[in-house]
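Following: one structure in structure tokens, then a few remarks.
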Amino acid sequence: MNLCTKIRQVDISKALGDLALTTFVDSGGTNGHVAQPWWLDGFVASLDLGRVNHAIVRKLPAFQGIPPHIDPATGLNAGRRYHVPLVTHPDVTMRWPEDGEEHHLEAGWLYEVDYMKLHEIVHRAPIDRIHVQVNAWP
């Protein structure tokens with residue numbers, strides 16, 4: 001797998017409408033805010049990613065990045081990691097500093113990302129970044 005693979009375009013219009021009804025809670029530390037809203041299961045099922053281990057909606061406030069880290073591939077983190085950006089900006093990127101790669105994940109696209117290598121979120125934008133994150137066994 002590449003560090004970041006753009007897989008296919010996804011219809012996010014209903015999810016965007018449902019965001020107004022979504023309540024986020026602070027996850028602590030530098031990970032921003034999270035939600036598991038009522039509409040998430042249906043949205044994730046429509047992605048047809050296989051057996052889903054964990055799904056969540058993540059909101060990272062404007063200008064708040066996530067420092068370099070490696071996510072453990074155990075428990076809820078097990079499986080392949082997918083992202084569907086719902087709200088983003090070109091000045092928000094996912095970077096693998098040791099590998100010299102940096103990618104802007106466009107809204108409305110399904111991506112598979114390597115979370116077991118050192119990575120970070122660089123957030124230089126004046127808007128919140130909101131992604132659906134899914135771990136699944138394809």
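Quick notes on this structure:
- Residue in the stretch 66-75 that is crowded, with 17+ Cβ neighbours inside 10 Å and within 15 Å of the chain's Cα centre (by Cα) present: yes
- Top-ranked residue of the stretch 76-94 - restricted to ones that are under 14 Å from E112 (Cα atoms) and modelled with pLDDT of 95 or more, ranked as nearest to the chain's Cα centre (by Cα): H83
- Residue among E98, E102, E112, E120 that alone is assigned to a strand (DSSP E or B), free of Cβ contacts under 8 Å to residues at least 60 places away in the same chain and either surrounded by 16 or more Cβ atoms within 10 Å (Cβ to Cβ) or out of contact with any strand residue (DSSP E or B) (no Cβ under 6 Å at 6 or more places or on another chain) (or both): E120
- Summed over the stretch 1-25, residues that are over 16 Å from the mean Cα position of the chain (by Cα) and either at pLDDT below 95 or under 19 Å from D48 (Cα atoms) (or both) total 6.
- Qualifying positions in the stretch 2-47 - hydroxyl-bearing (S, T, Y) and assigned to a helix (DSSP H, G or I): S13, S46
- Filter result (more than 16 Å from K59 (Cβ to Cβ) and surrounded by 15 or more Cβ atoms within 10 Å (Cβ to Cβ)) within the stretch 1-49: L3, C4, V10, V44, L47, L49
The values are calculated or read from the model by the stated rules, or taken from the named source; none is laboratory data. None of these values were measured; they are calculated from a predicted model. Ideal geometry is used to build each Cβ from the backbone, glycine not excepted, and the neighbour counts take in all protein chains shown.
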